[in-house]
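What follows draws every value from the coordinates through simple rules; no lab data is involved. Note that this is a predicted model, so its numbers are computed, not measured. Positions of Cβ are generated from backbone atoms using ideal geometry, with glycine treated the same way; all protein chains shown enter the neighbour counts.
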Amino acid sequence: MLKLQFCKEDVHLEEQYFDVIASKTENGLRKVPIADKVLPFYKAWYESSQCEYLLHTPDQKRFDYRDYYDSYLDIETLAEAINQS
């Protein structure tokens, strides 16, 4: 599942990783590398954020699942895909 609540303090751009600090199990707590190809996205998100969160709304509030849903999920396209299967 995509974690949308990255705190900027958990993202280490110079070292190219982020910390997973909350998990169901202790093994889920880890450092996750940031691939070279997606690093520019992380840098842009980091630099555009004036709040504590990496992913945020235009008004600098935490980006939550509802914001993701409203911004990126096209219900009509999803419905067509379901009806075609």
Can you tell me which residues in segment 19-48 are of a type outside the set (A, V, I, L, M) and part of a helix (DSSP H, G or I)? GLU26, ASN27, GLY28, PRO40, PHE41, TYR42, LYS43, TRP45, TYR46, GLU47, SER48
Looking only at residues in segment 7-49 that are more than 20 Å from PHE63 (Cα to Cα) and of a type in the set (Lys, Arg), which one is farthest from the chain's Cα centre (by Cα)? LYS24
Under 7 Å between Cβ atoms, at least 6 apart or on separate chains: pull out the pairs that start in segment 25-49 with a residue that is farther than 11 Å from LEU13 by Cα and without any contact (Cβ under 8 Å) to a residue 12 or more places away in the chain and end on any residue that is surrounded by 10 or more Cβ atoms within 10 Å (Cβ to Cβ) and of a type outside the set (A, V, I, L, M, F, W, C). LEU29/SER23
